[in-house]
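Reading through the structure tokens given below for one structure.
The values are calculated or read from the model by the stated rules, or taken from the named source; none is laboratory data. Predicted model only: the values in this text are computed from it and were never measured. No Cβ is skipped: glycine too gets one built from the backbone with ideal geometry, and neighbour counts run over all protein chains shown.
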Ligand SMILES: [Zn+2]
């Protein structure tokens, strides 16, 4: 029995050491930055996911530092994904609907362009389509999020090293000046072009254009919850061949759509897929010094809440249920989780624009 207790306490010590190592601040110098955006993912969605998991370890429990972001835009206390992506990607507030520019239409540099100028490799991975409002903030400068052909042109001009998500039709229907489709232009520019996550996994060097659907890629309830983590891991694998480091933005796009639809089951599938992808990036950061991972949301969607089934919750639990206060976005603060190099610089209450500013400041060190 004594021996068993010794073995058990040794095992517990190992677990707690692994856990505290996970929690320890990493060195300052940042070479690689991975930004995860759970579109519409507020504390309600995160709480619902933790309850769903019976409080077992989620990616959010692994965060080394936590912050809260104010998401209001220039012209509305309730932001849309275009203005908030612009804030996160460029450090500037703008009007709802606008991409990568100030309200007066001045274009402002985004993190992808910034990283490229530093000689880093860049990537965008989404579960909607690659020219949707959130990725658009990281690749384009347009007056309206609905100017998808123009956003695609900006994307083709910028040429990130890895692009993965839906959106084939925007590349096929969009012609360049010489009358060819932008898809052909990308192939001419040396891009390996693939149409499935399996074919993406088989690529071995950049640049890669992976378009999994005509429009948005399917939801996790349809394609399973391993897809985003597989694609993210492979994107990291491709990008980290660059000795100058990389910048990668990953969006769990359909968290927002599940919440808009008031569909708790879909929401949990999306959270599971997002959780796995974030965990894979945390694992990478844990074994690769100089990697910073930021996980946040562009805004909260639907006022997701976790209610007690019984008004009298003073005795014992009688179950909880996930609900939705609205079908729209809200002005709630969103959480931010930081892991890896310089993660400690991302705690406290901040503007969504501070996320970009702090990333630039840690990259400059
Ligand atoms: Zn939305």
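All conditions but one from (1) in a strand (DSSP E or B); (2) within 16 Å of the ligand (Cβ to nearest atom) apply to residue 321; the one that does not is (2). The number of residues in region 185-205 being within 21 Å of residue 153 (Cβ to Cβ) and in a helix (DSSP H, G or I) comes to 4. In region 203-215, the count of residues that are closer than 30 Å to residue 48 by Cα, in contact with a strand residue (DSSP E or B) (Cβ under 9 Å, 6 or more places away or on another chain) and surrounded by fewer than 19 Cβ atoms within 10 Å (Cβ to Cβ) is one or more.
Looking across region 279-299 at every residue that is part of a helix (DSSP H, G or I) and in contact (Cβ under 8 Å) with a residue 40 or more places away in the chain, the one that is farthest from residue 126 (Cα to Cα) is identified as 286. Sub-8 Å Cβ pairs linking a first residue in region 328-340 that is over 18 Å from residue 274 (Cα atoms) to a second residue that is within 13 Å of the ligand (Cβ to nearest atom) and assigned to a strand (DSSP E or B), at least 6 apart or interchain, are 328/301; 329/300; 329/301; 330/300; 330/301; 331/300; 332/300; 333/300, ordered by first then second residue. Those helices (runs of 4 or more DSSP H) of region 60-178 in which at least 3 residues are more than 16 Å from the ligand (Cβ to nearest atom), considering only elements entirely within it, cover 111-117, 148-158, 168-173. Any chance region 309-318 includes a residue that's more than 18 Å from the chain's Cα centre (by Cα) and surrounded by 21 or more Cβ atoms within 10 Å (Cβ to Cβ)? Within region 309-318, not a single residue is more than 18 Å from the chain's Cα centre (by Cα) and surrounded by 21 or more Cβ atoms within 10 Å (Cβ to Cβ). For region 250-270, filtered to residues that are within 16 Å of the ligand (Cβ to nearest atom) and outside any helix (DSSP H, G or I), the residue that is nearest to the chain's Cα centre (by Cα) is 251. Taken over region 250-266, residues that are buried (at least 22 other Cβ atoms within 10 Å of the Cβ), more than 27 Å from residue 237 (Cα to Cα) and in contact with a strand residue (DSSP E or B) (Cβ under 7 Å, 6 or more places away or on another chain) amount to 2. Here is a check on your reading of the model: is residue 238 surrounded by 20 or more Cβ atoms within 10 Å (Cβ to Cβ), modelled with pLDDT of 95 or more and more than 16 Å from the ligand (Cβ to nearest atom)? Spelling it out, residue 238 is indeed surrounded by 20 or more Cβ atoms within 10 Å (Cβ to Cβ), modelled with pLDDT of 95 or more and more than 16 Å from the ligand (Cβ to nearest atom). Number of residues in region 276-303 that are within 16 Å of the ligand (Cβ to nearest atom) and out of contact with any strand residue (DSSP E or B) (no Cβ under 6 Å at 6 or more places or on another chain) equals 0.
With the structure loaded, tell me whether residue 273 is within 26 Å of residue 217 (Cβ to Cβ), more than 16 Å from the ligand (Cβ to nearest atom) and touching a strand residue (DSSP E or B) at 6+ places or on another chain (Cβ under 7 Å) or whether it fails that test.
Yes, satisfied.
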